[in-house]
Amino acid sequence: MSIDRDTARRVANLARIDVPEGEIDGLADELSGIITFMQALRDVNVDGVPAMTSVTPMEFKRRDDEVTDGNFSEKVLSNAPDCREGYFVVPKVVE
Amino acid sequence: MTALTQVTVAQARDRLRTGEITAKDLARSCIDAIENAGHLNAFCESTPDLAMEMAEMADQRIAAGDPPKLCGIPLGIKDLFCTRGVRSQAASAILDSFRPEYESDVTERLWKAGAVLVGKTNMDEFAMGSSNQASVYGSVTSPWRRRGSDVRITPGGSSGGSAAAVAARLCLAATGTDTGGSIRQPAAFSGITGIKPTYGRCSRWGIIAFASSLDQAGPLTRSVRDAAILLETMAGHDPRDSTSADIPVPEFESLLTGDIRGRTIGIPAEYRRDGIPNAIERLWAEGAEMLRTAGARVIDVSLPHTEYALPAYYVIAPAEASSNLARYDGVRYGHRARLDPGDGIVDMYAKTRAEGFGPEVRRRILIGTYVLSEGFYDAYYKRAQRVRTLIRRDFERLFDEGVDAILTPTTPTAAFGLGEIPDDDPVQMYLNDIFTVTVNLAGLPGISVPAGLDESGLPLGLQLIGQPWQEGELLNMAYALEQAVAFDAVPEPWW
């Protein structure tokens with residue numbers, strides 16, 4: 001199993017990470033190496049074995065659905081790369 | 001003055017209380033030691049003014065009587081922990097200049113107990129790495145060197161800055177996080193103690209997430225007693241983390257009796273691997289013998305799915321990381337790429353993420369995206385989660401059969417030189433975690449204690465793996481081992 005150029009390009013797009021065209025080959029090789037390493041999992045008989053979804057079996061606690069904090073928009077925005085009038089600012093989304 | 005930083009947490013606590021030393025003296029000597037250790041690059045941000053303020057308050061609390069447990073103890077905090085008003089970047093360019101408005105639960109507990117922040121410690125970017133070479137702040141260098149050599153050695157990773165700082169006596173103890181071995185491996189490489197508690201023991205709230213089902217915080221210290229003292233304060237239920245366990249935290253230090261008579265300790269056959277250096281084999285056998293001499297029953301055991309742990313881990317951890325790290329998009333905090341005219345929001349995401357993430361983080365996000373993508377989810381992710389069940393069952397079976405703990409080497413080799421593992425061979429780097437990832441996959445507590453030096457003079461560690469929620473028992477067994485090993489080597493200052 002190896003990852004070809006198209007797959008590498010598609011995965012980079014899904015992950016929203018720009019990869020220059022010149023680096024696609026190298027990236028495909030790197031990812032293929034790692035995927036090959038994972039092939040060992042195919043040797044395990046997992047028939048009837050449930051997937052582990054909870055690390056430490058415990059009952060999740062419930063709480064009332066109510067507002068417990070808020071009114072600190074200045075703190076929320078304090079690390080924003082760009083904000084105006086209490087909003088995050090991003091490039092135009094809808095044409 | 002630097003001699004003051006040689007003391008353990010337990011010694012400092014006692015001397016602070018008798019008035020023999022002050023918290024300000026202690027903080028000042030750590031600040032000086034950090035300033036003089038620039039070559040190690042263990043700290044990415046030092047906080048001398050804040051440290052002196054906190055130390056002043058600690059001295060006042062001591063003078064007023066009945067000080068809290070860690071009053072006046074200077075600590076390094078891994079850059080993965082959010083600390084209010086103090087830069088917290090997970091050693092990544094994508095969180096450039098991020099100053100949280102909030103405090104992580106674990107550090108909040110430490111400050112309430114009177115501890116003093118001396119700085120943020122360097123680490124592998126987003127805790128992804130085993131050598132602390134993947135940091136926007138540059139590599140950390142271990143205070144240890146091979147005998148007669150000046151080759152720069154890795155302190156291990158990802159909590160490499162914390163390990164180097166504690167080993168070089170720049171602070172008394174430090175926090176770390178462990179997703180696949182990131183506390184235990186650097187502790188072993190640096191000749192100190194590190195414990196990863198049971199999953200759910202420490203709140204993950206305010207710790208920058210890597211792989212949420214594997215991440216746990218824990219201390220790196222110069223003794224098992226110090227690890228017990230620190231963990232007691234760091235642990236506890238937090239409603240803000242839904243996986244945080246609502247069970248009482250024992251007073252771990254009071255459980256350190258050194259009496260391990262009647263305990264059963266397993267030696268797993270699958271951890272005997274070809275190519276393991278003789279020194280590690282020897283120290284492992286000696287460690288087992290010491291525990292037997294201390295009155296434990298040492299038996300051979302089997303953990304049959306061990307060899308699948310590493311591939312399962314390198315599916316699950318990147319999958320969770322790709323999801324957790326989706327939040328870094330240049331909108332709300334951290335770095336945003338400079339855009340060209342006409343660039344839309346998707347261009348902003350893709351350029352920001354390309355500029356902000358280093359090569360190893362990018363690699364893991366892409367692997368994670370791949371194993372979660374349509375057509376591959378069942379073959380990789382789902383299968384890895386089922387293998388994870390089998391790995392957990394291996395341990396459960398031994399515990400059901402009466403095994404109290406399992407003894408293994410912490411790492412398959414001693415620390416290697418910076419740059420010795422080529423950048424384009426990630427799988428070779430991943431093999432560092434071979435003895436530690438099983439513990440994260442099964443959610444168990446694990447501790448690494450120094451076991452001795454190899455023939456070149458570099459430290460090696462032994463790992464004890466315990467039953468869930470039995471950190472007290474585990475620390476006591478580690479304490480017995482520590483007493484028997486009597487490791488007293490320290491790195492010769494060259495920095």
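Things to note:
- From phi via Karplus (6.51, -1.76, 1.60), per-residue ³J(HN,Hα) for the range B:225-236 in Hz, x at Gly/Pro: 4, 4, 5, 5, 5, 5, 4, 4, 7, 6, 7, x
- Dmax and Rg, reported as Rg then Dmax, of the protein assembly as shown (C-alpha, Å): 23.3, 76
- Using alpha-carbon coordinates, inclination of helix A:24-38 to the longest axis of chain A, degrees: 70
- Exceeding the 23 Å Cα-Cα cut-off - candidates B:Lys69/B:Lys196; B:Lys120/B:Lys196; B:Lys24/B:Lys112; A:Lys61/B:Lys112; A:Lys61/B:Lys120; A:Lys61/B:Lys382: A:Lys61/B:Lys112; A:Lys61/B:Lys120; A:Lys61/B:Lys382
- Share of carbon and sulfur in the accessible heavy-atom surface of the protein assembly as shown [1.4 Å probe, %]: 47
- Computed over protein heavy atoms with a 1.4 Å probe, the accessible surface of the range B:169-293 works out to 30 Å² per residue.
- Relative contact order (%) - the range B:310-408, alpha-carbon pairs under 8 angstrom, separation at least six: 37
- For the range B:52-60, putting each phi into the Karplus relation 6.51 cos²θ - 1.76 cosθ + 1.60 with θ = phi - 60° gives couplings of 5, 4, 5, 5, 4, 5, 5, 4, 5 Hz, in residue order, rounded to whole numbers and with x for Gly and Pro.
- Solvent-accessible area of B:Arg362 with every protein chain in place, 1.4 Å probe, in Å² to the nearest 10: 40
- 10 Å Cβ neighbours from other chains, averaged over peptide A:53-60: 6
- Interface size A-B, as summed buried accessible area [1.4 Å probe, Å², nearest 100]: 5100
- Ranking A:Met52, B:Cys171, A:Val89 by Cα position along the charge dipole of the protein assembly as shown, where only Lys, Arg, Asp and Glu carry charges on their C-beta atoms, puts B:Cys171 farthest toward the positive end.
- For the range A:23-95, the spread of Cα positions along each principal axis, largest first, Å: 57, 46, 25
- Highest-first arrangement of B:475-481, B:149-155, where packing means the average Cβ count within 10 Å: B:475-481, B:149-155
- The residues of the range B:300-327 occluded by other protein chains by 50 Å² or more of accessible area, set against the chain on its own, are B:Tyr308, B:Pro311; surface from heavy atoms, 1.4 Å probe.
- Dipole check for the protein assembly as shown: with +1 at the C-beta of Lys and Arg, -1 at the C-beta of Asp and Glu, and the Cα centre as origin, the magnitude is about 540 Debye.
- Residues in the range B:261-276 carry Karplus couplings, in order, of 4, x, 6, 10, 10, x, 10, x, 4, 5, 8, 7, 10, 4, x, 6 Hz; the curve used is 6.51 cos²θ - 1.76 cosθ + 1.60 with θ = phi - 60°, and Gly or Pro positions show x.
- Largest accessible area first, the listed residues B:Val86, A:Val93 line up as A:Val93, B:Val86 when surface is computed with a 1.4 Å probe on the assembled protein chains.
- In this structure the amide hydrogen of A:Cys83, modeled in the peptide plane, comes within under 5 Å of the amide hydrogens of A:Val89, none closer than 5 places in sequence on its chain.
- Loop chymotrypsin sites (Phe, Trp or Tyr not before Pro), the range A:1-85, which have at most 12 other Cβ atoms in a 10 Å radius of their Cβ (DSSP): A:Phe60, A:Phe72
- Solvent-accessible surface (1.4 Å probe) assigned to B:Glu103 amounts to roughly 10 Å².
- Residues whose placed amide H lies under 5 Å from that of B:Ser203, excluding near-sequence neighbours: B:Gly236
- Derived from the Cα gyration tensor, the three semi-axes of the equivalent ellipsoid of the range B:336-454 are 37, 23, 12 Å, largest first.
- Here the calculated FRET efficiency for B:Glu35 and B:Ser97, from their Cβ-Cβ distance with R0 = 30 Å, stands at 0.85, rounded to the nearest 0.05.
The values are calculated or read from the model by the stated rules, or taken from the named source; none is laboratory data. All values derive from a computational prediction rather than experimental measurement. Every residue, glycine among them, receives a Cβ derived from its backbone with ideal geometry; neighbour counts consider all protein chains shown. Note: accessible area is taken over every heavy atom of the protein model, side chains too, but ligands, DNA and RNA are not part of it. Shrake-Rupley method; radii C 1.70, N 1.55, O 1.52, S 1.80 Å.
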